[in-house]
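Here is the structure we will look at, set down as structure tokens.
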Amino acid sequence: MSRLSLEDEFTDEVFTRGRAAWWNSFDVPGVNVVSDERIDVRTAFDRYLPWEINKTRLIDGETFNESPYFGLRRSDTGRILGVGSDTYTVVQNAEQRDLLAYALDGADYGVASIGALRHGATTFVSVDFGEELATARSESGQSIETYLALVNSNDGGGSLKPYATGIRPECLNTIDAGWLAGTSFGALRHTTNIHDRLPQLQAAIRQYLGLAPKVARAIDRLTSVTVSSEAYRRALEVCTPIPSAKVKDGKVVNAREITLAEKRRDKILDLAFNDDRVGFAGTLWGAFQTFSTYDQQVKGFRRVKDSGVSQRGQVILDRHFSGLQTSNDVKRFSLVSRALDLDLGVQATTGGLILAN
């Protein structure tokens, strides 16, 4: 996630309301502030992200002349979070506060989580809209608690982007709800005209208000696609290939790679048929959830040195913010669909999941 040591990843207070952070059930002692207090967007930004980013002209170390690049310096700590060019345009925390508060005007929202990673190089805020608007309950018995996150990068790269994210309460799996419902949320890069494009971002955020029922309909469609146990197992095996043996001088040189792949497949199949966190075995939704559960609950993860604090939530957060989790989900969904030879009006593309009416 960064070149910093794991102990340095969380350096600012991270507010989470009432329970563990929205991306998963993890805690960082001395950093996470878990509270039952319900606070609005403006109060949250003013309390937990009160600082600004200042562009400071850098000096060329060889010529001692002014460089064409700027250091992106945090106002309260003086720490340089990254380097940007002359065209890099900062979107301050206060601007994000006003943008989000205006876009959600009139909605019953409260901040579920807000904080910074890597000394402020990335900031995030997630909001919910209360149980009535935010929880999708499908006819098939699946429920998804949906949240909206606004994420910003202050390190000279990245973008300003809203994320529609959901959590399955049964197993705390996090999914990209926007992808699942075929709703597109655009990212704004920090170019010179980013402020002119902020209204586009506000419009995208407003799409979220109708997202929860779309997620429920998508789940119902995917749970209705049923296949035999034999075909289901075959599809999962196709998506977890085991490499062929490579022999040199009479020895298998990739034996470890084969063993790891076999263990991975065994775990995937066990999840699909025997683990309550997945469920819906023999359906397309069950296959999707199998890989989601494996990624977030079973796959190996790091721990902070000495303290033993789990970093799984941090890894999940990074995957969603970078788009990696969505990309993996799209690829796997496509693989499963092709392996099952399905043509039921369900199509995965790089832009999202398309469900026929």
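The values are calculated or read from the model by the stated rules, or taken from the named source; none is laboratory data. Keep in mind that what you see is a predicted model, and the values were worked out from it rather than measured. Neighbour counts are summed over all protein chains in view; Cβ atoms, including those assigned to glycine, are modelled from backbone coordinates with ideal geometry.
Can you say whether Val34 is touching a helix residue (DSSP H, G or I) at 6+ places or on another chain (Cβ under 9 Å), part of a strand (DSSP E or B) and β-branched (Val, Ile, Thr), as far as the supplied structure shows?
Values: touching a helix residue (DSSP H, G or I) at 6+ places or on another chain (Cβ under 9 Å): no; part of a strand (DSSP E or B): yes; β-branched (Val, Ile, Thr): yes.
So Val34 does not fit the description; no.
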*Is the stretch 63-86 home to any residue that is among the acidic types (Asp, Glu), more than 17 Å from Glu13 (Cβ to Cβ) and modelled with pLDDT of 95 or more?*
no
*asked:* Step by step: first the residues of the stretch 245-270, then only those that are at pLDDT 90 or above and among the small types (Gly, Ala, Ser), then the one that is surrounded by the most Cβ atoms within 10 Å (Cβ to Cβ). Which residue is that?
replied: Ala261
*Please give the number of the condition Gly61 fails out of (1) within 18 Å of Ile194 (Cα to Cα); (2) part of a loop (DSSP other than H, G, I, E, B).*
(1)
*For the stretch 157-198, which residues satisfy the criterion of being touching a residue at least 60 places away in the same chain (Cβ under 8 Å) and among the acidic types (Asp, Glu)?*
Glu170, Asp176
_Report every pair of residues separated by at least 6 positions or lying on different chains whose Cβ atoms are under 6 Å apart, first residue within the stretch 80-93 and under 15 Å from Arg118 (Cβ atoms) and in the same structural domain as Leu198 (by TED's automatic domain parsing), second part of a strand (DSSP E or B) and hydroxyl-bearing (Ser, Thr, Tyr)._
Val83/Tyr69
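Here are some residues: Arg197, Arg206. Which one is modelled with pLDDT of 75 or more, surrounded by fewer than 20 Cβ atoms within 10 Å (Cβ to Cβ), assigned by TED's automatic domain parsing to the domain that holds Arg79 and over 28 Å from Phe288 (Cα atoms)? Steps first, please.
On the way: Arg206 fails: over 28 Å from Phe288 (Cα atoms).
From the options Arg197, Arg206, the qualifying one is Arg197.
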*Could you please tell me which pairs satisfy a Cβ distance under 6 Å, a separation of 6+ or placement on different chains, a first residue in the stretch 40-69 that is assigned by TED's automatic domain parsing to the domain that holds Asp98, and a second residue that is in a helix (DSSP H, G or I) and of a type in the set (A, V, I, L, M)?*
Val41/Leu100; Val41/Ala101; Arg42/Ala101
*Out of Phe273, Phe280, report the one residue that is closer than 30 Å to Ser184 by Cβ, in contact with a Ser or Thr (Cβ under 9 Å, 6 or more places away or on another chain), surrounded by 14 or more Cβ atoms within 10 Å (Cβ to Cβ) and aromatic (Phe, Trp, Tyr).*
Phe280
*Output the number of residues of the stretch 244-265 satisfying the condition of being part of a helix (DSSP H, G or I) and acidic (Asp, Glu).*
2
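Out of all the residues in the stretch 88-103, which are hydroxyl-bearing (Ser, Thr, Tyr) and at pLDDT 90 or above? Full working, then the answer.
Taking the stretch 88-103 first, the residues hydroxyl-bearing (Ser, Thr, Tyr) are 88-89, 102.
Hits for the stretch 88-103 are Tyr88, Thr89.
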*Take the residues in the stretch 73-84 that are of a type in the set (Gly, Ala, Ser) and in contact with a Phe, Trp or Tyr (Cβ under 6 Å, 6 or more places away or on another chain), then tell me which one is nearest to Val41 (Cα to Cα).*
Ser75
*Restricting attention to the stretch 145-189, which residues are of a type in the set (Asp, Glu) and at pLDDT 85 or above?*
Asp155
_Residues within the stretch 57-80 that are loosely packed, with under 11 Cβ neighbours inside 10 Å and in contact with a Gly (Cβ under 7 Å, 6 or more places away or on another chain), tallied_ = 0
